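S.K.: Pasting a structure below so you can have a look.
The values are calculated or read from the model by the stated rules, or taken from the named source; none is laboratory data. Computed from a predicted model, the values in this text were never measured in an experiment. A quick note on method: Cβ atoms are made from the backbone with ideal geometry, for glycine too, and the neighbour counts reach across all protein chains shown. Note: accessible area is taken over every heavy atom of the protein model, side chains too, but ligands, DNA and RNA are not part of it. Shrake-Rupley method; radii C 1.70, N 1.55, O 1.52, S 1.80 Å.
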Amino acid sequence: MDRTYVLYRGRRFSYFGGCDYYRLSSHPTIVAALVAGLKKYGLTAAASRKTTGNHFLYEQLEKRLAGFFGTADAVLVSNGYATNLVVAQALAGGFSHVLIDQKAHASLVDASAFFDGPIINFSHRDTVAVSRIMERIGRRSRPVLLTDGMFSHDGGLAPINGYLRSLPRNAVILLDDAHGAGILGKTGKGTPEQLGVRSDRIVQTISLGKAFGVYGGAILGARSLCDRIRDRSRLFGGNTPPPLPLVNAALQAVRILRSDRSLPHRLRRNVQILWSELRQTDSPAPDWPSPIISVVPPTPAQARRLTKQLVGQRIYPSFIRYPGGAAAGYFRFAISSEHSVRQIVSLARALTGVTPDGSK
């Protein structure tokens, strides 16, 4: 299976869209686990985990995720979007204020209302803005801060070290690490590991539909937090858990990411190749290690020009409109471990306006 190409206008084009950073969604071992799970367990537990639907596979995956990320416990939920809502329901009423990055994921925006406190937006990835908010609301307050770990629209990382310094000791950071989990850090533990942060003040939520290539979401943290979620969250208690075949597949995905270190090695190599190619032409290149690059064309004419350059390099022109990015739309490219060096170089040429023969 060609996992880095799509058919576009009847032709085979390189594909840099989506979030399947290791192309595990079509990994033969994971697909086989899905099929085996379907045959053995059927589609679903068909009940809430708080009644008769708490299948042993759910607990097995939670233990494996806790082991992978180095936390005491984990709570599996039906999808990544739900993770932040589940946490907010469980911790509602425990905070004086809710601070949220103005470009936070929509699931965090929805979750903010469940905390039952005044909501204060702060400028994107701005530690100074957070410090000023703390001066205004006072050090005796107990805020919860909501932010993505790696922002999906451009790959930027949240400065969580700076946030922790600005916040009081009893504050909490709800970190949506859907895109950082499995990608960032020496062992794939995500944004905190990448930034060298270890703190029990961080509640990390993840998606199993990005790096892990499957489906579902999880909350990582202390046993007391996870027990509180199981006890207090209506969404957790009243929701049908993920389909069992997908859980069986996710168990394999976690095992593969833990054992096959060539995957993150190839991903980092491809990211470094792209940044190097861009810098050789004095083109702007991010100063972070994420596999996402975003290009915002200033005018519709320039958007059409870049589309033409991409098509000329046989690259699918992934122009999107998505919350967090430019309202008028932008090009978003996600590098994977499975892209070839030739594909990466072709993307760099398209972004810099270099034609296949090397001219501009």
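S.K.: With θ set to phi - 60° and the Karplus curve 6.51 cos²θ - 1.76 cosθ + 1.60, what are the ³J(HN,Hα) couplings of region 117-125 in order, to the nearest whole Hz, using x for Gly and Pro?
M.R.: x, x, 9, 10, 7, 10, 4, 4, 6
S.K.: If one computes the Cα centroid of region 6-71 and of region 195-228, what distance in Å separates the two points?
M.R.: Taking the Cα centre of region 195-228 as reference, the centre of region 6-71 is 17 Å away.
S.K.: For a quick check: with amide H placed at 1.01 Å from N, whose amide H comes under 5 Å from Ile202's, ignoring anything fewer than 5 positions away on the same chain?
M.R.: Answer set, sorted by chain and number: Ile173.
S.K.: Here's another thing I want to ask about it. Can you bin the chain into rounded, prolate or oblate? Criterion: square roots of the alpha carbon gyration tensor eigenvalues sorted a ≥ b ≥ c, rounded for a/c under 1.5, prolate for a/b above b/c, oblate for the rest.
M.R.: Cα axes put the chain in the oblate bin.
S.K.: With a 1.4 Å probe and all protein chains left in place, how much of the accessible area of the chain comes from carbon and sulfur atoms, in whole percent?
M.R.: Carbon-and-sulfur percentage of accessible area, whole number: 51.
S.K.: Moving on to the next point. Per-residue counts of other Cβ atoms within 10 Å, averaged by peptide: what ranking do you get for 128-140, 78-90, highest first?
M.R.: The most tightly packed comes first, giving 78-90, 128-140.
S.K.: Please state the shape class of region 1-154: rounded when a/c is under 1.5, otherwise prolate if a/b exceeds b/c and oblate if not, all from the C-alpha gyration tensor.
M.R.: Oblate, since a/c reaches 1.5 and b/c is not below a/b.
S.K.: Give me the accessible area per residue for region 213-270, probe 1.4 Å, as a whole number in Å².
M.R.: 43
S.K.: Taking all protein chains together and a probe of 1.4 Å, list Tyr322, Tyr22 from the most accessible to the least accessible. Could the numbers behind the result be given before it?
M.R.: Numbers: Tyr322 100, Tyr22 0 Å².
Reading off the accessible areas and sorting them downward yields Tyr322, Tyr22.
S.K.: Ok, one more. How much FRET efficiency would the formula 1/(1 + (r/R0)^6) give for Asp200 and Val35, where r is the Cβ-Cβ distance and R0 is 41 Å, rounded to 0.05?
M.R.: Numbers: r = 40 Å, r/R0 = 0.97.
The pair Asp200/Val35 has a calculated efficiency of 0.55.
S.K.: Decide, for region 308-357, between rounded, prolate and oblate: order the square roots of the alpha carbon gyration tensor eigenvalues as a ≥ b ≥ c, take rounded if a/c falls under 1.5, and otherwise choose prolate if a/b is larger than b/c, else oblate.
M.R.: In terms of gyration-tensor shape, oblate.
S.K.: So, one more: Step through the residues of region 304-320 one at a time and calculate ³J(HN,Hα) from phi using the Karplus curve (6.51 cos²θ - 1.76 cosθ + 1.60, θ = phi - 60°), rounding each to whole Hz and writing x for Gly and Pro.
M.R.: Once rounded to whole Hz, the list reads 5, 5, 5, 4, 5, 5, 5, 4, x, 9, 6, 10, 4, x, 7, 8, 9.
S.K.: Now, a different point. What net charge is computed for the residues neighbouring Trp275, neighbours being all others with C-beta under 13 Å from the C-beta of Trp275, Lys and Arg scored +1, Asp and Glu -1?
M.R.: Values: positive: Arg268, Arg269, Arg279; negative: Glu277, Asp282, Asp287.
Within the 13 Å Cβ shell, the charges total 0.
S.K.: Once the mean 1/r over all distinct Cα pairs of region 138-288 is inverted, what Kirkwood radius in angstroms do you read off?
M.R.: For region 138-288, the Kirkwood estimate is 17.3 Å.
S.K.: While we're looking at this one, here's another question. Tell me, what is the percent relative contact order of the chain, built from C-alpha pairs under 8 Å that lie six or more residues apart?
M.R.: Rounded, it is 25 percent for the chain.
S.K.: Along region 196-209, what does the Karplus equation 6.51 cos²θ - 1.76 cosθ + 1.60 (θ = phi - 60°) give for ³J(HN,Hα), rounded to whole Hz, x for Gly and Pro?
M.R.: In residue order, the calculated couplings are x, 10, 10, 7, 7, 8, 9, 9, 9, 10, 9, 10, 9, x Hz.
S.K.: Now a separate question. How much length is gained on full extension from Thr44 to Thr240, taking 0.36 nm per residue of separation minus their Cα-Cα distance?
M.R.: Length difference between fully extended and current span is 69.7 nm.
S.K.: What does the accessible area of Cys19 come to, in Å² to the nearest 10, when a probe of 1.4 Å is used?
M.R.: Accessible area of Cys19: about 30 Å².
S.K.: Quick one: which of Lys40/Lys186; Lys39/Lys63; Lys103/Lys210; Lys50/Lys189; Lys40/Lys63; Lys39/Lys189 span more than 26 angstrom between C-alpha atoms? All intermediate terms of the calculation are to be shown ahead of the outcome.
M.R.: Values: Lys40/Lys186 36 Å; Lys39/Lys63 24 Å; Lys103/Lys210 20 Å; Lys50/Lys189 29 Å; Lys40/Lys63 21 Å; Lys39/Lys189 32 Å.
Lys40/Lys186; Lys50/Lys189; Lys39/Lys189, as the Cα separations exceed 26 Å there.
S.K.: Taking amide H positions as placed 1.01 Å from N in the peptide plane, with prolines and chain starts having none, which residues 5 or more places from Phe122, or on another chain, fall under 5 Å of its amide H?
M.R.: Residues meeting the criterion, in which the H sits 1.01 Å from N, are Ile100, Asp101, Gln102.
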